[in-house]
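What follows is a single structure, written as structure tokens, with notes after it.
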Amino acid sequence: MAGGVSSTVNGGEAAASFPAKMTIHVILACLVASFGGLIFGYDVGISGGVTSMDPFLMKFFPDVYRKEETSVVSSNQYCKFNSQMLTLFTSSLYLAALIASFFASTVTRVFGRKMSMLGGGLVFLAGAIINGFARDVAMLIIGRILLGIGIGFSNQSVPLYLSETAPPKHRGMFNICFQLMVTIGILVANLINYGTAMIHGGWGWRVSLGLAAVPAIMIVIGSLFLPDTPNSLIERGHRDKAKAMLRRVRGTDDVQAEYDYLVAASEASKAVKHPWRSLMQRKHRPQLVMSILIPVFQQLTGINVVMFYAPVLFKTIGFGSNASLISAVITGGFNVVATFVAIFTVDRLGRRPLLLEGGLQMIIAQFILGSLIALKFGFNGIAVISSGYAILVVAFICLFVTAFAWSWGPLGWLVPSEIYPLEIRSAAQSVTVSFNMLFTFIVAEVFLLMLCHMKFVLFYFFGACEIIMTVFIYLFLPETKNIPIEEMDKIWKNHWFWSTYVTVTGTGTATADEVDLEMGNTHNVI
């Protein structure tokens with residue numbers, strides 16, 4: 001495993017580094033696992049699109065349709081989509097994912113990462129079928145709940161799978177494949193919405209919702225052929241299989257040192273009878289704080305306002321129906337391209353530089369967007385915007401989306417998944433997923449209401465949140481680039497703030513000089 005630091009394992013010296021190659025087995029395994037992000041992204045993209053389609057609104061939300069039809073230039077554009085039933089359609093998924101993530105923790109730990117992915121894919125498939133054939137709002141909500149359960153399981157297991165399978169030197173790149181699939185799912189959903197909106201007969205929304213079955217089938221079939229991670233196999237007592245799997249994923253027979261290290265980490269984790277209680281211990285305070293605040297901050301960027309309400313948002317500020325859908329396609333394209341930037345830079349530049357630059361770029365974009373909308377719509381929400389002005393609005397939305405896509409989008413999942421020691425890994429990942437889903441639910445549930453009451457100030461609100469989170473990263477997050485996952489607990493020991501909480505315990509110890517060598521003195525720049 002590249003980039004390891006000197007450590008002791010149960011009193012014996014472990015190798016200073018563990019050998020690893022970029023094997024085709026690792027590439028294929030991580031690619032298949034990343035399909036879990038595809039189902040998440042497709043749903044995020046498809047929701048906003050169908051809620052801007054007139055036939056869908058006429059069938060399920062006629063009050064919103066009537067308000068939209070009667071909404072002319074003389075009426076308040078901020079409030080025409082404000083409907084609690086409409087927001088419940090979107091947000092119910094994330095509430096279900098929140099609850100499911102706690103059950104997913106146990107499944108992921110007891111039955112393995114791949115079984116959690118398989119179960120999530122099957123439940124998501126059932127939800128897609130129900131939504132595609134929905135006859136009333138109740139069927140829609142039931143389908144959304146099943147989709148949410150599937151996403152809860154996938155978001156629990158996929159980041160862990162990727163972090164445990166990839167070599168440390170390339171862990172960031174492979175883990176961001178999950179976010180890349182999310183962005184591809186969003187883009188594909190936007191393209192499908194644009195196409196199905198043209199279908200005569202008013203049933204195009206069924207195609208959009210039903211096609212969620214395709215990425216679900218991909219993750220189901222893919223997970224059937226996936227091997228489980230060496231960490232999970234050791235954790236469940238399959239040590240011979242784990243050692244064989246370690247040879248396959250590392251591309252070498254020289255895995256004894258790493259295998260011994262994983263076994264020692266597993267033994268330490270088994271000594272922890274109550275991982276949830278252990279997570280609350282003082283020595284795990286940094287991981288607990290990060291597992292809560294990073295997903296919370298990720299949602300308070302306002303990205304999901306843009307992503308799953310993009311067509312509604314564009315329609316609200318004066319774009320026509322087709323124009324709003326194609327504008328969502330444009331932002332989705334920028335989202336995908338910018339994610340590739342993260343893939344190729346995260347293991348070179350590191351996590352902190354991307355998060356700090358992305359935060360500053362989002363702050364600028366949000367305040368300019370708020371000002372552009374304020375200049376035209378003011379507080380009364382009455383205006384007609386020219387095509388040139390509309391293009392300017394889309395340009396700054398794309399500036400915001402690209403910043404998120406190469407910073408908080410992928411790293412909001414990567415950083416939490418790589419900082420947890422094995423004994424609390426499943427529990428801590430559940431906390432990350434649950435807080436992510438909780439605040440996604442809250443933002444989805446209250447966004448249209450906030451837009452109606454706060455008007456353009458809503459963009460300033462998200463900009464203020466981005467200022468807070470950027471300062472937080474600068475002060476409290478050490479660099480995690482190239483640090484082996486089993487050595488990650490040591491980075492907190494040398495941090496100016498977290499060192500007062502943490503003592504290096506568990507599978508190994510390291511001197512300050514050793515950690516400095518591995519981290520490149522990163523604690524000195526914080």
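For segment 345-490, a/c is not less than 1.5, where a ≥ b ≥ c are the root eigenvalues of the C-alpha gyration tensor, and a/b tops b/c. That puts it in the prolate class. Taking a ≥ b ≥ c as the square roots of the eigenvalues of the alpha-carbon gyration tensor, segment 413-500 is classed oblate because a/c is 1.5 or more while a/b is no larger than b/c. For the pair residue 24 and residue 135, label points projected 7 Å from Cα toward Cβ lie 5.1 nm apart. Ligands, DNA and RNA aside, residue 413 has an accessible area near 10 Å² when probed at 1.4 Å. In segment 351-456, the portion of solvent-accessible area held by carbon and sulfur atoms comes to 79 percent [1.4 Å probe, whole percent, DNA, RNA and ligands not counted].
Sequence-ordered 3J(HN,Hα) estimates for segment 141-155 from the Karplus curve with 6.51, -1.76 and 1.60 and θ = phi - 60° stand at 5, 4, x, 5, 5, 5, 4, x, 4, x, 5, x, 5, 5, 5 Hz, glycine and proline given as x. Compute the projected area of the convex hull of the Cα atoms of segment 183-245, averaged over all viewing directions, and report it in nm² to one decimal place. Dividing the Cα hull surface by four gives the mean projection, 5.8 nm². Note on residue 85: accessible area is roughly 90 Å² with a 1.4 Å probe, heavy atoms of protein only.
Determine the gain in length on full extension of the stretch residue 63-residue 500; use 0.36 nm per residue of separation and subtract their C-alpha separation, reporting nm with one decimal.
151.7 nm
Phi angles of segment 282-298 translate, via the Karplus equation with coefficients 6.51, -1.76, 1.60 and θ = phi - 60°, into HN-Hα couplings of 4, 5, 9, 4, x, 5, 5, 4, 5, 5, 8, 6, 4, x, 5, 4, 4 Hz per residue; Gly and Pro are given as x.
Under 5 Å between amide hydrogens, built in the peptide plane, is the criterion, and for residue 212 it picks out nothing among residues at least 5 positions away or on other chains. Placing R0 at 41 angstrom, the Cβ-Cβ distance between residue 282 and residue 374 gives a FRET efficiency of 0.30 after rounding to 0.05. Protein heavy-atom accessible surface, 1.4 Å probe, per residue over segment 106-223: 32 Å².
Computed on protein heavy atoms with a 1.4 Å probe, the accessible areas place 27, 99 in the order 99, 27, largest first. With θ taken as phi - 60° and the Karplus curve 6.51 cos²θ - 1.76 cosθ + 1.60 applied, the whole-hertz 3J(HN,Hα) list for segment 437-449 is 5, 4, 7, 5, 4, 4, 4, 5, 6, 10, 4, 5, 5 Hz, x standing for glycine and proline. Computed log10 I(q)/I(0) for segment 320-420 at 0.18, 0.19, 0.22 Å⁻¹: -0.87, -0.93, -1.10, from the Debye equation with unit scatterers placed on every C-alpha and solvent omitted.
The values are calculated or read from the model by the stated rules, or taken from the named source; none is laboratory data. This one's a predicted model, so the numbers in the text were calculated from it and none came from an experiment. FYI the Cβ positions are ideal-geometry reconstructions off the backbone, even for glycines, and counts take in every protein chain you see. Note: areas computed on protein heavy atoms with side chains; ligands, DNA, RNA excluded. Shrake-Rupley method; radii C 1.70, N 1.55, O 1.52, S 1.80 Å.
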